[in-house]
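Structure record follows, encoded as structure tokens.
Nothing in this text is a laboratory measurement; each read-out follows from the coordinates by a stated rule. These figures come from a predicted structure and were not determined experimentally. All Cβ positions, even for glycine, are placed from backbone atoms using ideal geometry, and neighbour counts span all protein chains on display.
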Amino acid sequence: MPARRLQGVVVSNRGDKTAVVLVERRVRHPRQQKFIRRSKRYHAHDENNACQMGDKVVIREIPPRSKLKTWEVVEREGGSS
């Protein structure tokens, strides 16, 4: 089974070799039938400390590297600034 891949935006890069990535998804509300946004923050391994805040990244699931890090940065695009 292939590893899950998610796309998001880096919101913090303060940790050593760690990037915090905010991933947003849209889900339909069960009663109102509107689309609402849900978001979650993932701690991802960034080996070279290459990610900057605002960068769009793709992360994939890996075996646990630490208590919080079970994802790693695979691809990186430049940010908006």
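Key figures
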| read-out | value |
| --- | --- |
| GNM flexibility winner over the chain from 16, 46, 55 (Cα, springs under 10 Å) | 16 |
| Trypsin sites (Lys or Arg not before Pro) restricted to the range 43-72 and DSSP loop, no more than 11 other C-beta within 10 Å | 67 |
| Counted charge near residue 65, where neighbours are those whose Cβ lies closer than 15 Å (Asp, Glu -1; Lys, Arg +1) | -1 |
| Global form of the range 1-79, assessed from the alpha-carbon gyration tensor, a/c cut-off 1.5 | prolate |
| 9 Å beta-carbon shell around residue 39, net charge (K/R +1, D/E -1) | +4 |
| Amide H partners (placed H, <5 Å) of residue 12, local residues excluded | 20 |
